[in-house]
Structures are given as C-alpha cells and as structure tokens.
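Below you'll find the structure, written out as structure tokens, and then a few comments.
The values are calculated or read from the model by the stated rules, or taken from the named source; none is laboratory data. Keep in mind that what you see is a predicted model, and the values were worked out from it rather than measured. Note that we place each Cβ from the backbone using ideal geometry, even for glycine, and neighbour counts take in every protein chain shown.
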Protein chains: 2
Amino acid sequence: MHKSIAHAVDGLVVKALKTWDMIAPGERVLIGASGGKDSAVLARDLALKKAQGRLDAELTALHIRNDFTPASMAERLAAEYEAWGLPLVTLDVAVVARLKPGRRMNCYWCSTQRRTELIRYAMEHGYTAVALGHHLDDVLETLFMNMLRKAELSTMPPVLRYRKYPLKIIRPLYLVEERQIVELAEGLGILASTCTCAYNDHSERDRVRDRVEALTKGSSQAKRNLLESLRHINAEYLP
Amino acid sequence: MHKSIAHAVDGLVVKALKTWDMIAPGERVLIGASGGKDSAVLARDLALKKAQGRLDAELTALHIRNDFTPASMAERLAAEYEAWGLPLVTLDVAVVARLKPGRRMNCYWCSTQRRTELIRYAMEHGYTAVALGHHLDDVLETLFMNMLRKAELSTMPPVLRYRKYPLKIIRPLYLVEERQIVELAEGLGILASTCTCAYNDHSERDRVRDRVEALTKGSSQAKRNLLESLRHINAEYLP
C-alpha cells in the first residue's frame, strides 16, 4: 500500500470531524460495524486516531448479526477489531421473523431494522454518537436519487441530531471517495464482505451510481465540487 | 404539427408566468430576439396570448445585429414578427470593434455585449421587463456547469430583479423542454438560425448537455424533478 492513500483518508476524516464538529472531547461513540469495507475503514481510522492521542472519545463497535450473516463473519470481525484495539459487541436480530405476513424481504427493510437496533442500543447504553460508514459516493447517490425521484434537494447529512434524545448520527467518511476506501482496505488486507443474501437488490442504487459516474466522468474534482456546491447555495439564482 | 405540442407549450408558459409572477398587468415587455428558435417560439407564444386577450402587456421584440449576423436574417425576422403582430426593433452593435487589443472574440463575450445592449435599450425606453428565451434544458445545463465547475448551487433564475432599476429579466420558457421548442418551431415552420460565426465555441456547454442527458437518460420526468428539487431544499438533510 502507498502511504499516500492512508495519509489522504486520515486527512479527509480529520477535515470532516472538524468541519461538522462531529465528536466533542470525551464523547461515547458507537460505530456501526456492518462487516463491509466502509465501516471497517471507518473503525480502523478512528481507533488509530485514538491510539495516537489525536481523538478524545470512547469507541465501541456494534455488529448486528442477522439471518443472512455468513457464519465466518464473527471470527473475522473479532480478529480485525481486536487488532485495532476496539471493543466489538455483536447483537443477533432475526429480521425474517420480524416480517409481517405477506411482506417480502428487501434491502431497505432489512437495513432499517439494523439501523433501528443500532440506535436503540446506543440510547440504552448511553452513547452520544453513532458513527456510520457512508462515504462521498453514497452521499452523491442519495442526492441524485432524491433529486431525480423525489424532486427534493437533500441527502445524508454529515451530522443528524435527534431532537428528543441526546444522540446524533455522524458520518466521518463524508469527504472520502469510495475508490479511496477500496484502495485503503486492499492495502490493509481488510477482508470485508458485502451482503450476499438472496434478497439483495441494489439495482436502483446501482443505476443512480452509473448516472453519477456519467455526470462527473468519474472525476474526483467534479464529485467534490458537487458536494461542495451543497454548501454554497445561491438562493437568488434559483427558481 | 400536432395541436398537443402547441397546447403543451402554451400551458407551460402560463404556468411559469403565474408561478413566478413574471408579468404584471400593463407591463412593458422587451423580448430579446436572437434569431434562434427559442426566442422565436417565445415571441410567438407571448404575441398569441396577447392577441387572444390572455396577456395584458405591451410587447416589443429587439434584435441585436452584430458583425456575424447573416444578411438574410433581417428580412426573415421582419416577416416572422410582422406575421405575429409584434413590433421588431433592430440595433446594430459592432462587437469586434469593441474588443480590447489582444483579446480574442468568444461566445461569452459576444453574448455579454448583446445582453448589455438589450438591458440598456430597455432602460432607456422605459421597459419594465426583458424576456429571454432560455428553456428548461438551458437551466439544467447552467445548474450543472455551476455545480461541477464553480462548486456553487445556482442557475438562471426565472425572474431576476435589478436592485437599482425598475427592471427585471424574465424567462417564460423556464418549464419548457428544448425538445418541445424544436417540435413546435418545426411545426410552425419557424426558420430559426443559430449563431454560425467562426468563433463559435459551445464545446463546454455541449459537454455538460451530454452529461445532463446521461444523468436523466433523457427522461422528461427526471429533468422536471431535477428542476423541481431546486424549489424543495431540505436544509436539515444537507451538509
């Protein structure tokens, strides 16, 4: 692995943490550990910053295991997170059993269930922040899904505060491109696995991903400019 | 020509005029007549509405003739605008002579000169609105040029009011797609000509146009949703 990619990702996470004031000193942060490369890179990055005395926070990773999680996952995750010095909690959630009669399993519902459990655990155990592994490409995909399908200008925010609870969702990889995460994960030998359940249907998200690539021609600068434009809204020059 | 396209464009102009309160009763409107299909369709549409008693406004078209305007343009425009019952004023502006030494002619500079003369004429002659022929595809192209290159969320607004003068720029074709304009112009036998000067360089705009087509797959609904999303900005779900 080139040291430059580790350095680049580290710097972009520092910038996101600062720009959106994500973690106050001493906060208790729960990291959603899906088993994929994004959350692995996130967990490893935050753990490293803490070990180096650059992040003052209590860190715990939570893995929600469901009906579709491969049996091999537990051991692998345990080894990875132990190497990073991060406590890992595993919670079993039987998503199929939760389906109402007549309803088909789908990605949206499954991820909603897992998100709900993550938030519930954070609240019950006094965490003040839940860190998710969404990256810049995820943010742009959601932006264009919302613009193209819902006619709304919105996306995943870097920080989302709950109104009724002392809890927020933070996305420290907000400024990191997926290609950077892939390169770093490969360099680190992170053996991430994506969801392979039989109900997997990311086709709409994949279509939008292709469209964003066509819009930007895959240019990093173009992607960063799209994201940055959301912070420079000139209302006088909009309908 | 199918009557449906004339009906569709008419309705979209009515909707834009109402939505953004473009023309107050009795206003004096100066229509920029470039010689292209967009301003021709605009002028004809407004003239028709006025003739049918559906638009209470004084209408005049202004054509800025420059060094590159083909000699045949004057006669053609005169015939078209007379047929629509619209007074047409022609102003000669020698854009080449205005170039500072060492500067090369380009589209941006030329159109800025013509715009300046249009605004100046409107002010000197007591017009309260200048109507331009920009359409929905122009609006989206400018949006993405600004997002991708300037990292700013902005585009041509439907109405732009001058702070120091009782004058506004309006774009009644804001909700009309270019394909609709092309179909209507062909159906009406409008012989519009686009700029063919040797300095013509719309390459950047053309590239962005192709990217917008790739993003929307040419879908009218997707384009309309993109535009509509600019009116539904959910600040809580933005960085």
Q | Selection count where residues are touching a Pro at 6+ places or on another chain (Cβ under 9 Å) and surrounded by fewer than 17 Cβ atoms within 10 Å (Cβ to Cβ), scope region B:127-158 | A | 0
Q. Looking at (1) more than 21 Å from A:ALA40 (Cβ to Cβ); (2) surrounded by 14 or more Cβ atoms within 10 Å (Cβ to Cβ), which is the one condition that is false for A:ASN106?
A. (2)
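Per-residue answers, yes or no, for (1) of a type in the set (S, T, N, Q); (2) surrounded by fewer than 16 Cβ atoms within 10 Å (Cβ to Cβ); (3) within 20 Å of A:LYS168 (Cα to Cα):
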{"position": "A:LYS3", "(1), (2), (3)": "no, yes, no"}
{"position": "A:GLU27", "(1), (2), (3)": "no, no, yes"}
{"position": "A:LEU30", "(1), (2), (3)": "no, no, yes"}
{"position": "A:ARG44", "(1), (2), (3)": "no, no, no"}
{"position": "A:GLY53", "(1), (2), (3)": "no, yes, no"}
{"position": "A:ALA57", "(1), (2), (3)": "no, no, yes"}
{"position": "A:SER72", "(1), (2), (3)": "yes, yes, no"}
{"position": "A:GLY85", "(1), (2), (3)": "no, yes, no"}
Q) List, please: which pairs have Cβ atoms under 9 Å, are six or more places apart or on different chains, and start with a residue in region B:77-106 that is over 19 Å from B:HIS63 (Cβ atoms) and end with one that is in a helix (DSSP H, G or I)? A) B:LEU99/B:TRP109; B:ARG103/B:TRP109; B:MET105/B:VAL95; B:MET105/B:VAL96
**Q.** Wholly within region B:121-239, helices (runs of 4 or more DSSP H) carrying at least 2 residues that are acidic (Asp, Glu)
**A.** B:136-150, B:178-188, B:203-216
Q) Do any residues in region B:8-29 that are over 22 Å from B:VAL182 (Cβ atoms) have Cβ atoms under 6 Å from those of residues that are modelled with pLDDT under 95 and among the β-branched types (Val, Ile, Thr), where the two are at least six apart or on different chains, and which pairs are they? A) none
(Q) Condition first: within 28 Å of B:ALA78 (Cβ to Cβ) and within 14 Å of another protein chain (Cβ to nearest Cβ). Now tell me which residues in region B:175-193 satisfy that. (A) B:VAL176
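Specify which of the listed residues (B:THR128, B:THR116, B:THR112) is away from chain A (no Cβ under 14 Å), farther than 30 Å from A:PHE144 by Cβ and touching a residue at least 12 places away in the same chain (Cβ under 8 Å). Give the derivation first.
Values: B:THR116 fails: touching a residue at least 12 places away in the same chain (Cβ under 8 Å); B:THR112 fails: touching a residue at least 12 places away in the same chain (Cβ under 8 Å).
When all the criteria are applied, what remains is B:THR128.
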Q: Check B:ASP45, B:ASP21 and return the single one that is modelled with pLDDT of 95 or more and within 14 Å of chain A (Cβ to nearest Cβ).
A: B:ASP21
Q. Surrounded by fewer than 18 Cβ atoms within 10 Å (Cβ to Cβ), among the basic types (Lys, Arg) and touching a helix residue (DSSP H, G or I) at 6+ places or on another chain (Cβ under 9 Å): does that describe B:ARG120?
A. no
(Q) Here's a check for you: in region B:139-169, which residue that is over 14 Å from the mean Cα position of the chain (by Cα) and among the charged types (D, E, K, R) is farthest from the other protein chains (Cβ to nearest Cβ)? (A) B:LYS164
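Within region B:203-239, take every residue that is polar (S, T, N, Q) and more than 9 Å from every other protein chain (Cβ to nearest Cβ) and give me the one that is surrounded by the fewest Cβ atoms within 10 Å (Cβ to Cβ). Outline the logic, then answer.
Pass one, region B:203-239, residues polar (S, T, N, Q): B:203, B:216, B:219-221, B:225, B:229, B:234.
With the extra rule that they be more than 9 Å from every other protein chain (Cβ to nearest Cβ), the set shrinks to B:203, B:220.
Details: B:SER203: 9, B:SER220: 12.
Selected residue: B:SER203.
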Q: Would you mind finding the one in B:THR90, B:THR60, B:THR69 that is within 19 Å of B:HIS202 (Cβ to Cβ), within 19 Å of the chain's Cα centre (by Cα) and of a type in the set (Val, Ile, Thr)?
A: B:THR69
Q: Would you be able to say whether some residue in region A:35-52 is over 16 Å from the mean Cα position of the chain (by Cα) and among the hydrophobic types (A, V, I, L, M, F, W, C)?
A: yes
Q: With respect to A:PRO172, determine if the residue is surrounded by fewer than 18 Cβ atoms within 10 Å (Cβ to Cβ), more than 8 Å from chain B (Cβ to nearest Cβ), within 21 Å of the chain's Cα centre (by Cα) and under 23 Å from A:LYS18 (Cα atoms).
A: no
